[in-house]
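Notes for the one structure printed next.
Nothing in this text is a laboratory measurement; each read-out follows from the coordinates by a stated rule. The model shown is predicted, which means the values in this text are computed figures rather than measured ones. So basically every Cβ, Gly included, is an ideal-geometry build from the backbone, and we count neighbours across all protein chains shown.
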Amino acid sequence: MIYSTGNMNAEQKDSDCIFCKIASGEMPTELLYQDEDVVVFRDIKPLTPVHLLVVTKEHIHSLAEMSDDETPLIGKMVKAANKVAKDLGIAESGYRLTINSGADAGQVVFHLHMHLMGGRHLDWKH
Ligand code: AMP
C-alpha cells in the first residue's frame, strides 16, 4: 500500500535533511507504512533482499541525542517495523532491526532511523 504523507510543522523539520524531505512528502517516495510518528520506505542501496528504513517524522539527529521525552518513539518504530515485516511475510523467517548512532557505528544520515533487514539468512558477526 502507498500512503500519502502528512504535514509537519517547521519545528519538527530540518530543511537540509533528506529524511525530513521524504517524511514530509517534499521528496516523493513510496511509503510502505506511515502513521503520525513514523514512515517506512525502502533503502536506496539495499544490503539484503528486504532492506527498509523506519524513520521518525520528527527530526532527531541520532539515537544518542534523543531526549527522555522522545524515547517512546523507539517503541513506535519497533511496532511499525513488526507490522511491515508481517505484511512482507518475513516475520517468521526472521529479520534484524539496527540503529546506527554516530560515526563509529557508520551513521551517515543524521536523522533517527532504524534499518529493517531480512529476506535471507544474516550472519551475526560482521
Ligand atoms: P545509516 O548508515 O544508518 O545512516 O544509513 C543511512 C541509509 O540511508 C543508507 O543505508 C542509505 O543507503 C540510505 N539512504 C540514503 N538516502 C536515501 C534515500 N534518498 N532513500 C532511501 N534510502 C536512502
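For the stretch 100-126 and the stretch 19-68, what is the centre-to-centre distance using only Cα atoms, to the nearest Å?
One Cα centre to the other: 13 Å.
In nm, give the distance between the simple-model label positions of HIS121 and GLU36, each being 7 Å from the Cα along the Cα-to-Cβ direction.
4.4
Stretched out fully, how many nm does the piece from LYS79 to MET27 gain, at 0.36 nm a residue minus the Cα gap? Can you show the working numbers first?
Numbers: separation 52, 0.36 × 52 = 18.72 nm, distance 2.46 nm.
Difference between extended and current length: 16.3 nm.
Measuring from the lowest to the highest alpha carbon on each principal axis, how far does the chain reach, largest first, in angstroms?
The principal-axis extents, from largest down, are 41, 35, 26 Å.
Could you give the dipole magnitude of the chain about its Cα centre, charging the beta-carbon of Lys and Arg +1 and that of Asp and Glu -1, in debye to the nearest 20? Write down the numbers at each step before the final one.
Numbers: 12 positive and 18 negative charges, 129 e Å.
Roughly 620 debye, rounded to the nearest 20.
On a straight-distance basis, which aspartates and glutamates could pair with LYS86 in a cross-link, Cα separation under 17 angstrom, same-chain partners fewer than 8 positions away excluded?
Filter leaves ASP35.
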